[in-house]
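Every number here is computed from the coordinates shown, using simple stated rules; none is lab data. Just so it is clear, the structure is predicted and the values come from calculations on it, not from any experiment. Note that we place each Cβ from the backbone using ideal geometry, even for glycine, and neighbour counts take in every protein chain shown.
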Amino acid sequence: MKKIVLGAVVASLTIALAVSTSFAAKYKYKESSAGAGSISGTVMVKGKVMAPIMEDLNKGKNVEFCVTHPDTKEGGIRPRVKVTATDGKLKDAVVFIENIESGKPWGDGGKMVFDFEKCDIRQKMGVIRKPSKAEKKAGGLVKIVNHDPDILHNPHGYSIAGASRKTLFNKPLPNKGDVADVTKNIARFKKKKDKHFFLQCDQHNFMEADARIVWNPYYALTGADGAFKIDGIPAGKYKVTAWQPYVGESTMDITVSDGEAKANFTLTAK
């Protein structure tokens, strides 16, 4: 009886491992060649979007330097903008294909440099990805640069899921020109768990940036007019998502053939 039970357990574990391995293989993107299709459209937002946070720089560190930021208002107040929309057209939404197994090479897709300058992060929204084994060893996929003289910045990177934060790195940059290469740190990304990357300075917590974690190079950021275009897509049917961390997301099925497919999204402000 014990042998039969043990055999059943081993068989179950073998099946589970095979399923897990199959799942991992199925969802690992393979670089091949670009297709002839594309998806273009706009991302709109309805409802009242999040108002800028009026940050009082006088309550933080390095006040005399930080107030030199060009957006600083009278009294040392600087607006911290999390959502930008004009006439309902949403800027810096990330539109991406979810279920594509192969296609165009990554190229520079998913690479990102965050510049810490005048007590601000120049890039407010970006797209990053998990490095390959070779990229993890070589570095250079995601970097943070301190451009401020004699100002200590402390970039702290997180993976965000709802109210939960998982620390990925915490690296002090005490001098102008210091660089934190965090490529190895983001190699911890898991496809089923990690979607929203958040970056903050521990010395100046009003310095913030966000990025979407993607698993293939088929994505685009909307411009000030809310427009986007994703090209080089092989023919097929795909799930396409528009996402903005402080508004929400929307997903639709899009069929792509040779030529341009249209997809217009409307997100509802939280």
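Counting charges near residue 212 (Lys, Arg +1; Asp, Glu -1) among other residues having Cβ under 12 Å from its Cβ returns a value of -3.
Selection among 151, 168, 37 by position relative to the dipole of the chain gives 168 as farthest towards the positive end (Cβ unit charges, Cα centre).
Cβ screening of the chain for cysteine pairs under 4.7 Å finds these without a partner: 201.
Length gained on full extension, residue 71 to residue 51: 5.6 nm, using 0.36 nm per residue less the C-alpha separation.
In this structure, residue 260 and residue 175 have a Cβ-Cβ separation that, at R0 = 45 Å, corresponds to a calculated FRET efficiency of about 0.40. Projecting label points 7 angstrom from Cα along Cα→Cβ for residue 202 and residue 115 puts them 2.6 nm apart. Footprinting exposure proxy ranking of 260, 55, 74, 135, fewest other C-beta atoms within 10 angstrom first, gives 74, 260, 135, 55. Could you tell me the calculated FRET efficiency between residue 192 and residue 40, based on Cβ-Cβ distance and R0 = 30 angstrom, to the nearest 0.05? In this case the efficiency is close to 0.55.
Placing unit charges on the Cβ atoms of the charged side chains and taking the dipole of segment 190-251 about its Cα centre, the candidate lying farthest along the positive direction among 244, 222, 234 is 234.
For the chain, adding -39500 (n - 2.57) for each run of n ≥ 4 DSSP H residues and dividing by the number of residues yields -4000 deg cm²/dmol at 222 nm.
Compute the whole-percent fraction of alpha carbon pairs in segment 164-225 spaced more than 12 Å apart. Within segment 164-225, distances greater than 12 Å cover 78 percent of Cα pairs. With both bridge residues required to lie in the chain, what share of the DSSP beta bridges run antiparallel, to the nearest 5%? Beta bridges within the chain, antiparallel portion: roughly 70 percent.
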